[in-house]
Amino acid sequence: MCGIVGYLGQKNTKEILLEGLKELEYRGYDSAGIAVLSDGEFSSFKAVGKLVNLEEKTKDFVTDAFAAGIGHTRWATHGKPTELNAHPHVGASSYVVHNGIIENYAPLKKELQNEGVTFLSQTDTEVIVHQFEKNQKKSTNSFEAFKKTISELEGAYAILLVTKSEDDTIFFAKNGSPMLMGINAENEKYFASSDTPLIGQCSDVNYFEDGDYGYVNADEIVIFDKMGNKKEPHFTKLSTNKLSAQKDGYRFFMEKEIYEQSSVISDTLLGRLSEDAVVFDEIDTSLFDSINEIKLCACGTSYHSALCASYMFERHAKIKTSVEVASELRYREPVLTQDTLFVVISQSGETADTLETLKMAKAAGLKTLVICNVDNSSMVRMADASILTRAGVEKGVASTKAFATQVVVFWMLSLYVAKRNNSMQTQEIAEQISLLREIPKSVIVEDSMHERIKRLSKRYLHGHGFFFIGRDLFYPLALEGALKLKEISYLHAEGYPSGEMKHGPIALADPELFTIALLPKHLLYEKSRSNAEELSARDSTICAISPIEFDKADDFIKTKEHGHYMLEFFEMMVVVQLLSLEISIRLGNDVDMPRNLAKSVTVE
Ligand code: AGP
C-alpha cells in the first residue's frame, strides 16, 4: 500500500527520503519517487519496481543544502504501475504525493482539462496538483490556494505538496489516511505515513487527526483542524527502539516471523495471566456491562482469527458472537444494537474497510474494542478500548505471527469474559491458563519438522488446486492455511469445513487435487478422519497433518502429542505456514512481497 515520507531541513534530503521509503517497503508497492525543492529548483526522480531502481536513478543526485523533499511508494489503484503514474505528480511548478483515493477526481479532471490543463498520468492524485495551481492563480498566497484545494477534494487522503513560490515550505493535509509529523532538536521536520521511517530521526511526533491541514517551514508549524480552527501540535515521544530490518539469517522475513512466534506469544501473555484469571490492565470489565452479543469484524487473516474467536467466545463465555467481513458489513445496512460489543481486529490498525466499520459502529453508539498490533494506529486511536497483540513489526506481507498473537489474545479474552459472566468454573479457567502458558513451546519450529516439510513441498507445486479441510476451530485454520498458500504461491487453494466437502467440492477430487487434512487428536478426530477418507476414496492426493498415523494419506506430517486441541491448533498453524513458505520458495516467488498484494490495505 502507498507510503509517504517528507523532510524539511539541512541534511542529506535524498538519503533521508530513500531511507524513509525503505522503511515502508514492507507495505507493498510497485513504483516509487521523490521530489526535492532546494533554492527554488526542483529535482524529481521516479522508478517502477523496487527501490533499488530509484536509488540507481538518483545515484548522481547530491543534496547538501536546505531543502523540502517529498517521497512516495505507490501501490496502483487508478492506472497501471508505470513511471508516469508514480508519485510525486507534477504541475507547472509544484509536486504532490498522496495516499488514499480522491473520489471526485473525475469531474475535477474534466473541468481542468476543459480549461486546457494536460494530464500526464491516469491517477486520481494528479488533479490535486493542477487544482492547487489553478487556485494559486486566484489566491494571495500558496497556503490559501492549498486550503481551497483541500476543501474541494472528496475522499481519503494524506497529502504532501511543495511549490516553487514557497521553496522552504511543505504543505500537508490528512483525512482518512494515516500521517504523522516528527521533529527533533536540530529543527528538522519529518513526515511519514507510519512511525517506522521516523524512528531514529525524530524525538517527538504529532499524529494528525482527520481534517487537519497546514504547512511547515524552518520557523513554523501551522496546523488547522477540520473546522478551520488553528490548533497546536500535540507532540508525544517517539520510541527509539528501531526494530531491525535484518532477516537474522533467515531467507525471508516471513520465515523469521514464523520462527519468532514462540517469543512474541510469550510477550503477548506477559503480565496478563494469574493462576486462575486473565488480566487486561488496558480494559475495564465495565466494557462488558449490558453486553449480550459480540460482533467481530475484520479482513483477511484477521477475519480468520475473528472466526476462531467466535468458537471460543461461545464455548467459554457463552456469549452470542457473530463474525463479519468488513467490506461486506459496510454496505449491507446491518442492524447494530446497543447491547453489542463491536470488536475490530487488525494487524495494522489502518485497513480502510475495517476502519470504516469501526466508524459505523461508533456512529451507531456501540461500545467498541480493537485487537491490534500497532499502537497509535488509526483504529487504536478511534476505538473505546484496545488490546495490543505485541507481535512486533510484521514485515512479510503474508501475516503469520500477527495471526498467532490475535488468536492468543482472543483465547485470553474469552476466559476473561467467561470469568466475568461466571460461565466457567475457576478450576476450568485455571486449567485453560496452564494451557495458554504452553503455547510458546508448541510453536517452536523443530529442525526435523521444517526439513520434512521442505522435502514434501516439492510434490505440491502443480495440480489444479488445494483444499485445506478442518472442523470446528480447525476450519478457520484451514481457511488461513489456504490463504497463506494462495498469497505466496499463486496456486489455487480453498479452506473448507471437512464435513462440507461432500456437498459439492468433492466432485473435484482426483489425483491432481491436493487435500491438506487437519486431523487433531482431541477435537472431532473420528469425524474429520472419515471426511478425509471420503476424499482419499475418490483418489484426491492427501497430505494429513495429525499426531495419529493415517494410512489413507499419500503424505503424512506427524505433529506432537499434546494434551489439548488448542495446542494441536498452534502446532498445525506453524505446519501450514511452513508448507506455504516452502512451496513458494520452490516456485521462486518473492515470499515477502508477493505480487498484487500490499501489507496494509488503506484503500477500499
Ligand atoms: C494476510 O496474510 C493478508 N496479507 C491480509 O489478508 C491481511 O490480513 C488483511 O489485509 C487485513 O489486514 P489487517 O490485519 O492489517 O487489518
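The values are calculated or read from the model by the stated rules, or taken from the named source; none is laboratory data. Note that the structure is a prediction, hence the values are computed from the model and not measured. Don't worry about glycine lacking a Cβ; one is built from the backbone with ideal geometry, like all the others, and counts go over all protein chains shown. With ligands, DNA and RNA removed, areas are computed over all heavy atoms of the protein, side chains included. Shrake-Rupley method; radii C 1.70, N 1.55, O 1.52, S 1.80 Å.
In this calculation the C-beta distance from ASP60 to ALA185 is compared with R0 = 30 Å, giving a FRET efficiency of 0.40.
Taking amide H positions as modeled 1.01 Å from N, with prolines and chain starts lacking one, the residues under 5 Å from GLY211 and 5 or more places away or on another chain are LYS174, ASN175, GLY176.
Ligands, DNA and RNA left out, the accessible area of the stretch 445-586 computed with a 1.4 Å probe is 50% carbon and sulfur. Extension gain for the segment ARG437 to SER286, taken as residue separation times 0.36 nm less the Cα-Cα distance, is 51.7 nm to one decimal.
Holding the Cα-Cα limit at 29 Å, pick out from LYS484/LYS558; LYS359/LYS502; LYS401/LYS502; LYS80/LYS137; LYS59/LYS454; LYS134/LYS362 the pairs that are longer than that. Result: LYS359/LYS502; LYS401/LYS502; LYS80/LYS137; LYS59/LYS454; LYS134/LYS362 exceed 29 Å. Going by amide H atoms built from the backbone, whose H comes under 5 Å of the H on SER203, apart from near neighbours? Those lying under 5 Å, H to H, from SER203 are ILE183, ASN184, ALA185. Using the Cβ-Cβ distance between LYS558 and LYS320 with R0 = 41 Å, the FRET efficiency computed as 1/(1 + (r/R0)^6) comes to roughly 0.60.
What angle, in degrees between 0 and 90 and rounded to the nearest 10, separates the Cα long axis of helix 300-312 from the longest principal axis of the Cα atoms of the chain? Once rounded, one gets 40 degrees. Binning the alpha carbon pair distances of the stretch 254-437 at 10 angstrom intervals from zero yields the distribution 10, 40, 37, 12, 1, expressed in whole percent. Counting only residues at least eight positions apart within a chain, or on another chain, the lysines with an alpha carbon under 25 Å from that of LYS138 are LYS109, LYS110, LYS147, LYS148, LYS164, LYS174, LYS226, LYS230. The C-alpha atoms of the chain define a longest principal axis, and helix 142-152 lies at about 40 degrees to it. 3J(HN,Hα) along the stretch 216-224, derived from phi through the Karplus expression 6.51 cos²θ - 1.76 cosθ + 1.60 where θ = phi - 60°, amounts to 10, 9, 4, 9, 10, 10, 10, 10, 10 Hz, with x in place of Gly and Pro. Ellipsoid semi-axes for the chain, based on the Cα gyration tensor and the rule √(5λ), read 45, 27, 22 Å when sorted largest first.
Ligands, DNA and RNA left out, the 1.4 Å accessible surface of the stretch 3-245 is 50% carbon and sulfur atoms. Using the 1.4 Å probe convention, the accessible area of the stretch 304-365 works out to 38 Å² per residue with neighbouring protein chains retained. The alpha carbon centroids of the stretch 526-567 and the stretch 61-90 are separated by 51 Å.
Could you tally the net charge around ASN135, taking each other residue with its Cβ under 10 Å from the Cβ of ASN135, Lys/Arg +1 and Asp/Glu -1? Result for the neighbourhood of ASN135: +2. Averaging the sequence gap over all C-alpha pairs within less than 8 Å and six or more residues apart, then dividing by the number of residues, gives the chain a relative contact order of 11 percent.
On a per residue basis, the stretch 445-586 carries 36 Å² of accessible surface, using protein heavy atoms and a 1.4 Å probe.
Where does the charge balance sit around GLY463 when Lys and Arg score +1, Asp and Glu -1, over other residues with C-beta under 10 Å from its C-beta? With Lys, Arg at +1 and Asp, Glu at -1, the neighbours total -1. Taking only the C-alpha atoms of the stretch 297-389, the Rg (one decimal) and the largest Cα-Cα distance, Dmax (whole number), read 12.1, 32 Å.
Local charge sum around ASN104 (other residues, Cβ-Cβ under 13 Å, Lys/Arg +1, Asp/Glu -1)? Result for the neighbourhood of ASN104: -3. Between 0 and 90 degrees, the angle of helix 126-138 with respect to the longest Cα principal axis of the chain falls at about 30 degrees. A 1.4 Å probe over all protein chains sorts TRP75, TRP411 by accessible area into TRP75, TRP411, starting with the largest.
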